[in-house]
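Taking it in order: structure first as C-alpha cells, then the write-up.
Values quoted throughout were computed directly from the atomic coordinates according to the rules given, and no laboratory measurement underlies them. Please read all numbers here as calculations on a predicted model, not as lab measurements. Cβ placement follows ideal geometry from the backbone for every residue including glycine, while neighbour counts extend to all protein chains displayed.
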Amino acid sequence: MVDFTLSEEQQMLQELAHEFATDNVRPNAEHWDATSEFPMEAIQVAHELGLMNLHIPEAYGGMGMGTMDEVLVQEEFAWGDAGFATAAYSNGLTAAPLITGGTEEQKAKYLGRLTEAPRIASYAVTEPGAGSDVASIQTTAVKDGDDYVLNGSKMWITGAGKADWFFVLAYTDKAASYKGMSAFIVDAGCDGLSLGKKETNMGQRASDTRSINLKDVRVPSANLVGGVEGKGWFNAMAAFDLSRPNIAAHATGISRAAFEHALQYADERETFGKKLHQHQAIQFMLADMKTKIEASRALTWKTAWESDNGVRNTESAAHAKRFAADTAMEVTTDAVQIFGGYGYSEEYPVARLMRAAKVLQIFEGSSQVQRMIIGREMTRGL
C-alpha cells in the first residue's frame, strides 16, 4: 500500500525549504523578474542549507536523497519564485544522466564539483531546429586521437551563462539515428565554446537562458559519458524520468502561490456588499483551483514514489508533468481573473506567476509530447 504520510525528516526538510523560500526567494522574486539577475546569492544560501544537489549520492558529496525528498523542496522553491526554482534545478537535470550513466571517475569529478561549492551545471540538448524531437539534433562529435571534436549549436540552455560544465548530446554516428548519439561533459570556458546573448523571456527571467556554440571544441575521451559511444540518447531520456516529477512540483508550487494570492484577495475585496469569495461564481473558481492543485500534488508524489521504489515511472512522470503544467497555466490565469484589473498590472504578483507558468507547458517535453508518451506507454504490448 502506498503511504504518502511524510516522515519526520521529510517534514523537517519541507519546513526548511519553505522557510528558505519565505526569507530568501519570495522577497527577491520581483527584482529578479525585473532585472533578469541570476539568483546566485540565494543559490549559495540553499547550498549551505543542504537544499541543493539532493539526488547526488553521498559518495560524491551529495545528500543521497530520493525523488520524493526532491519534489518537496522543489515545490517550495517554485512557491517562492519559479525562475529561482528553474535556475537552481539546472543541477538536478544535468546531474541525472551522470548519476545513472556516468563512470565512477566522471561522477567523482563532476558531481563532486557541484557538491563542494555552489556551482551550476547546464543540460545542453535542445537546438535551434530540435526541441522535443531530440533525434533531429545536428551537433556532431568526431573522434580524433584521444579527443572528440564537437561542432554544433544548442539553444534555450538554462544557466548557460553561469555554468561550470555542460552535459552535451551529439551524434557520433548519424547513420544509426538516436542509437548513434553520445553524451559528453564539456567544461565551460574551453576553447571553441562561446555563449549567445542572454534571452529576454516572457517569464522566469532569473534563469539565464542562452544559446551555446561549439566550434571545433576538443573534449577528452575521458569525458564521454559512460565511456561508451551510442548511449547518449538513453542517458538523456532516463534523466527525464527523474526530472519531470520535479518540474511537476514546480508547477504545483506556482499554482499554490497563485491560489493563495487569489484567496487572500477574494477575502479582502468586497463587491455588491459582500466579500468576493462569498459570490458563488468566485467560490467555484477557487474550489476548482484547489482541487486541481491537490490532484497535481498527488500525481507528483505518485511518480516520485515510483521513482524511489524501483518502479518504471515514464508514464506517471508524463501524467504528472502534463497535468500539473496545464493546471499551473489554468490556475494562474484564473488568479488574474479574480484580481480583475489589478491582476493585469505588474504591481501584483499574479501577472508574474501567469507569465512564469507558460513555459512549464513547453520545456522538458511539451504538454503535447507528454500526451504522446502516455499514448505510447498505455498501448505498449497491444
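When ranked by the protection proxy of mean other Cβ atoms within 10 Å per residue, highest first, what sequence do the peptides 263-271, 181-189 form?
The peptides rank, most packed first, as 181-189, 263-271.
For the chain, what does -39500 (n - 2.57) per DSSP helix run (n ≥ 4), summed and divided by total residues, give at 222 nm, in deg cm²/dmol to the nearest 500? Could the numbers behind the result be given before it?
Numbers: 11 runs with 182 residues, N = 382.
One gets -16000 deg cm²/dmol as the mean residue ellipticity at 222 nm.
Quickly work out the M40-to-K197 label distance, labels modelled 7 Å from Cα along the C-beta direction, and quote it in nm with one decimal.
Label-label distance for K197 and M40, simple model: 2.2 nm.
With +1 on each Lys and Arg Cβ and -1 on each Asp and Glu Cβ, how big is the dipole of region 226-273 about its Cα centre, in debye rounded to the nearest 20?
Dipole of region 226-273, to the nearest 20 debye: 260 debye.
May I ask for the distance between the Cα centers of region 331-373 and region 187-229, given as a whole number of Å?
28 Å
Return R371, R210 ranked ascending by Cβ neighbour count within 10 Å, so the fewest neighbours appear first.
If I rank by nearby Cβ atoms, fewest first, I get R371, R210.
Write down the Å³ per residue value for the convex hull defined by the alpha carbon atoms of region 1-122.
Spelled out: Cα convex hull of region 1-122, divided by residues, is 105 Å³.
Nothing charged except the Cβ atoms of Lys and Arg (+1) and of Asp and Glu (-1): what's the magnitude of the dipole of region 122-230 about its Cα centre? Round to the nearest 20 debye. It would help to have the intermediate numbers written out before the result.
Values: 11 positive and 13 negative charges, 80 e Å.
Around 380 debye, computed over region 122-230.
Where does each of K179, K358 land when they are ranked from fewest to most other beta-carbon atoms within 10 angstrom? Let's see the in-between values first.
Details: K179 14, K358 17.
The order, fewest Cβ neighbours first, is K179, K358.
Identify which of S243, S177, S90 has the largest mean-square fluctuation in a Gaussian network model of the chain, with springs joining Cα atoms closer than 10 Å.
For the chain, modelled as a Gaussian network with Cα springs under 10 Å, the answer is S177.
Evaluate the charge dipole of region 234-378 about its Cα centre and quote only its size in Debye, nearest 20, assuming +1 on the Cβ of each Lys and Arg and -1 on the Cβ of each Asp and Glu. Walk me through the numbers on the way to the answer.
Working: 17 positive and 17 negative charges, 40 e Å.
For this selection, approximately 200 debye.
Arrange M63, M12 by Cβ neighbour counts within 10 Å, fewest through most, would you?
Lowest count first: M12, M63.
Take each of the peptides 160-166, 127-133, average the number of other beta-carbon atoms within 10 Å over its residues, and list them starting from the highest.
Descending packing order for the listed peptides: 160-166, 127-133.
Residues with beta-carbon under 13 Å from that of Q264, excluding Q264: net charge, scoring Lys, Arg +1 and Asp, Glu -1?
0
Enter the Cα centre distance for the pair region 146-176 and region 97-114, rounded to the nearest angstrom.
Between the Cα centre of region 146-176 and that of region 97-114, the gap is 17 Å.
Taking 51 Å as R0, compute the FRET efficiency from the Cβ-Cβ separation of A295 and Q138 and round it to 0.05.
Numbers: r = 39 Å, r/R0 = 0.77.
According to the calculation, E is roughly 0.80.
Using alpha carbons only, what's the Rg to Rh ratio of region 269-361 with Rh from Kirkwood?
Dividing the radius of gyration by the Kirkwood radius yields 1.11.
Please work out the C-alpha center-to-center distance from region 53-91 to region 307-324 and express it in whole Å.
What the calculation gives is 17 Å, centre to centre.
Show me the ranking of peptides 190-202, 96-108 by mean Cβ neighbours inside 10 Å, starting with the highest.
Working: 190-202: 13.7, 96-108: 19.0.
Packing proxy ranking, top to bottom: 96-108, 190-202.
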